[in-house]
Amino acid sequence: MGMRINKNMYNEFGALIVPANALLNRKSVRRLYQHRILLQEEDVENLPILHLLNSAIVELKEVFHNVRHFNSIPTTDIRNNLVPIIIEMSNHMNLKQVFSHFGENDEYTYRHIIGVALISRLIGKAKGYDGEELLNLTIAGFLHDIGKAKISEAILNKPGKLTLEEFQEMRKHTVYGFDMIKQTPGLNYRHALVALEHHEREDGSGYPHGKRGCQMDPFSKIVAVADVFHAMISKRVYKEPIPFYHVLLEMSRSAYGLLEPDTTLCFLKRIMDMLIGSDVRLSNGQQGRIVMVCGNEPLSPLIKVKGQYMDLSRDRSVQIEQIV
C-alpha cells in the first residue's frame, strides 16, 4: 500500500482493469488478482506522505458525501481505502511532515480526522495493541467526528468564532455520530462510543454527558488525547498553532484531571522517542540535541550540548523552549 500505479493495467482481453495513477489499495489489488495481473516493480512507485494525505482527503470527502446525502456510512470504503492509507502513513511517519501537512487550515475537518486516526493508531501501537484491536481503534479514530457530516457546512466552515447557538449545534456532532454508527452494519458499539465520548474528560467536565474517566471506553481516552493534540498543533483562521513543545507541556498538565494520565504519558513518551536526534533550543539560550528520553519524565530528556550532557530531569533550571 502507499503506492501508485504508473500505467493502465489491462487484462488478457484488453479491458482496462486499473487506470494509471490509481492508488494501490485493497480494492485495486483484488481486481488485479481476479484478472491474474501480476505487477512488476516498474509498474508502481512509492508515494510521499503528502500524496497519501491528499488521497485520504479525497476518500474522506466521499464518506462525508454519503453521510450527508444518503445517511449512510460506507464501511467497506473506510476499511478498503482509508485504513490502508493510514497504515502506510504510520509506517513512515515523520513528525515534521505531520506538523507541516496535517496542521494546515485548508480542509481542516478532513485533515483533523485523518490526523486523529493516525495519532490514535500511534498511541495504540505504543500501548501494545495489534490485530483486530488496533484495526478497530484506527477505524474509531476515523469515525470520531463523522457526526460533523450532519452539521451545516456554514457552521462547520465558519472562519470566525461560533455564536452560542452554533456552538451548541456543533457539540451535537458527538450524538449524531453515535446514533449513525450504532445503526450501521459492519461497525461495532465501541466505534459508536468513541464518537460519543471523545470530548468527555476525566474530571467530568466534558460533553455531551459529563462522563468521568471511569465511565469511558479505553478507545475514547486514546482518541481524546489524539484529538486534543491535533487541534492544538493546527492552524485555524481564528488562531495560530501553539508551538509544538508548548503543546506537549500543556498536554502533560492536562494529564491530571482532563486526559487519562497513562494514555497521555504513553503518547508523550512515544512522541519524544520519535524526536531523539532532533535539535532543540533551551531556555538558557543554548542549542543541543535530544539523545535519550526518560520513561517517567519524557519531557525532560538527556540533551547533548557542545560535547557535554545535560539531564533535564535533574537540572530543573533549564527547559526545552523549541524543537528546531
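Please treat every number below as a calculation from the coordinates, not as lab data. This structure is a prediction, so every number in the text was calculated from the model and none was measured. In this analysis, Cβ positions are derived from the backbone assuming ideal geometry, glycine residues included, and neighbour counts consider all displayed protein chains.
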Simple SL model, points at 7 angstrom along Cα→Cβ for ARG236 and TYR309; separation in nm is 4.3
Sequence order, segment 66-73: Karplus ³J(HN,Hα) from phi using 6.51 cos²θ - 1.76 cosθ + 1.60, θ = phi - 60°, Hz rounded, Gly and Pro as x, gives 4, 5, 5, 9, 10, 6, 9, 8
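Please identify every one of the trypsin sites (Lys or Arg not before Pro) in segment 148-229 that sits in a loop by DSSP and has no more than 14 other beta carbons within 10 Å of its own beta carbon. The partial results should precede the final answer.
Values: sites: LYS148, LYS150, LYS161, ARG171, LYS172, LYS182, ARG190, ARG201, LYS211, ARG212, LYS221; in loops: LYS161, LYS172, ARG201, LYS211, ARG212.
Here the trypsin sites (Lys or Arg not before Pro) that fit, given the DSSP loop and packing criteria, are LYS161, ARG212.
List the relative contact order of the chain as a percent without decimals, with contacts defined as Cα pairs under 8 Å and 6+ residues apart. Each step should come with its number before you reach the end.
Numbers: 523 pairs, mean separation 37.3, N = 324.
The normalised contact order for the chain reaches 12 percent.
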What is the Cα coordinate range of the chain on the first, second and third principal axes, sorted by size from largest, in whole angstrom? 73, 51, 37
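Would you mind calculating the gained length between LYS7 and LYS125 on full extension (0.36 nm times residue separation, minus the Cα-Cα distance), in nm to one decimal?
Numbers: separation 118, 0.36 × 118 = 42.48 nm, distance 3.52 nm.
That pair, LYS7 and LYS125, stretches by 39.0 nm at full extension.
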Spin-label model distance (nm) - GLN183 vs ASN91, 7 Å beyond Cα toward Cβ: 3.8
Can you list residues whose amide H is under 5 Å from GLY204's amide H, if they're 5+ apart or on another chain and H is modeled 1.01 Å from N? GLY213
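Once the cut-off is 15 Å, how many percent of the Cα-Cα pairs in segment 3-46 end up in the long-distance tail?
Values: 294 of 946 pairs.
The calculated P(r) of segment 3-46 puts 31 percent of pairs beyond 15 Å.
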Max mean-square fluctuation residue, GNM over the chain, Cα-Cα springs under 10 Å, options GLN308, GLN183, GLN168: GLN308
In nanometres, what is the gap between the two model label sites at SER205 and ARG26, each 7 Å from Cα along Cα-to-Cβ? 4.0
Skipping prolines and chain starts, which residues have an amide H placed within reach, meaning under 5 Å, of the one on ASP311, given they are 5 or more residues away or on another chain? ILE303
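Relative to the present Cα-Cα distance, how much length would full extension add between CYS214 and GLN319 at 0.36 nm per residue of separation? Don't skip to the end; give the middle numbers.
Numbers: separation 105, 0.36 × 105 = 37.80 nm, distance 3.35 nm.
Separation in residues times 0.36 nm, less the Cα-Cα distance, equals 34.5 nm.
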To the nearest 20 debye, what charge dipole does the chain have about its Cα centre, counting +1 at the Cβ of each Lys and Arg and -1 at the Cβ of each Asp and Glu? 100
What shape does segment 275-323 take by its C-alpha gyration tensor, where a ≥ b ≥ c are the square roots of the eigenvalues and a/c under 1.5 counts as rounded, a/b above b/c as prolate, and the rest as oblate? rounded
Of GLN40, LEU268, TYR108, which is farthest along the charge dipole of the chain in the positive direction, counting Lys and Arg as +1 and Asp and Glu as -1 at C-beta? LEU268
CD proxy, 222 nm, the chain: helix-only mean residue ellipticity via -39,500 (n - 2.57) per DSSP H run with n ≥ 4, per residue, nearest 500, stands at -14000 deg cm²/dmol
For segment 230-275, whose charge dipole is built from +1 on Lys and Arg Cβ atoms and -1 on Asp and Glu Cβ atoms, the candidate among LEU249, LEU259, HIS230 with its Cα farthest towards the positive end is HIS230
Under 5 Å from the placed amide H of VAL44, counting only residues 5+ away or on other chains, we find ASN6
Heads up, segment 231-277 by the C-alpha gyration tensor (a ≥ b ≥ c square roots of eigenvalues; a/c under 1.5 rounded, else a/b over b/c prolate, else oblate) looks oblate
